[in-house]
Amino acid sequence: MTTLRWALRIHKWIALIVGLQILLWIMGGVVMSAIPIEHVRGEHKIREPAPVTLTPSSVITIAEAAKAANMLTLGHAELGQLQETPVWRLRDADGNRSLVNAVSGQVLSPLPEQLARSIATTDYLGDAPIRSAQYLATSPTEYGRPAPVWKIAFDDNGNTTLYIDPFTAEVRARRSSTWRFYDFFWRLHVMDYNDGEDFNHPLLITAAGAALLVAMSGITLLFLRMRRLLTGSRRRRSPTPS
């Protein structure tokens, strides 16, 4: 009887404290399992770029690109494409980055607004026009990466927003109403109400441990109750002395 009483108390009080968070975990699990992750990331709205054929003779060398970007010590170089133009993406030993046209040698970074808009329109698989274009010196929370960055917002039903790196011309993040809805429940799920990046913090560990105690005490209660029911049933079936 003492074990049953203590199990009931533990179950009741801890469940009272963490019950809301358990409900939020369940709701978050439903949301995260119901929405395809491709839609959350906006991958279904990416337009496939047209392939660019490159030959060694058609592009400038890494040394020429570094000279055009005024980089004395090169740390990284990558040949890619910007729309239909081959480009060199460079980074020096100090982390400074530059984008160079791999045909003409023209330095393209930081991107002007017109080029940022063109990149966004080329990447976006849809017919909605651009609602706004902002060059942000401070990184917004939903971007989650260092600034500066171009924020290009489209006037569609999903409030699609593309974040473009002004020094590499790459779309670094895609945000939408679906992503924001998902992110809201993700933060509730991991109990990180700042940026949703930390899921090893003491609050979450404590809540998870408390939820485990609720489950274990509930199982103990179930076992004790079933044992009492079985014992009572056996007693009722036992023949009474005449």
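Read-outs: derived from the displayed coordinates by stated rules, not from any lab. What you are looking at is a predicted structure, and each value in this text was computed from that prediction instead of being measured. Neighbour counts are summed over all protein chains in view; Cβ atoms, including those assigned to glycine, are modelled from backbone coordinates with ideal geometry.
A few notes on this one:
- Loop-resident GluC sites (Glu not before Pro) (DSSP state other than H, G, I, E or B) in the stretch 64-151 with no more than 14 further Cβ atoms inside 10 Å of their Cβ: GLU84.
- Only helices enter this figure: runs of n ≥ 4 DSSP H residues, each worth -39500 (n - 2.57), summed and divided by the residues of the chain, yield -15000 deg cm²/dmol at 222 nm to the nearest 500.
- With respect to the chain, whose longest principal axis is taken over its alpha-carbon atoms, helix 202-237 is tilted by about 30°.
- Think of each Lys and Arg Cβ as +1 and each Asp and Glu Cβ as -1; about the Cα centre, that makes the dipole of the stretch 46-184 roughly 200 debye.
- Taking 29 Å as the straight-line reach from the Cα of LYS151, the lysines in range (excluding those fewer than 8 positions away in the same chain) are LYS45.
- A convex hull fitted to the Cα coordinates of the chain yields 204 cubic angstrom per residue.
- Put simply, the amide H of TYR124, placed in the peptide plane, has neighbours under 5 Å in ARG47, leaving out anything fewer than 5 places away on its chain.
- Part-to-part distance (alpha-carbon centres) for the stretch 12-78 and the stretch 196-215, which is given in Å: 27
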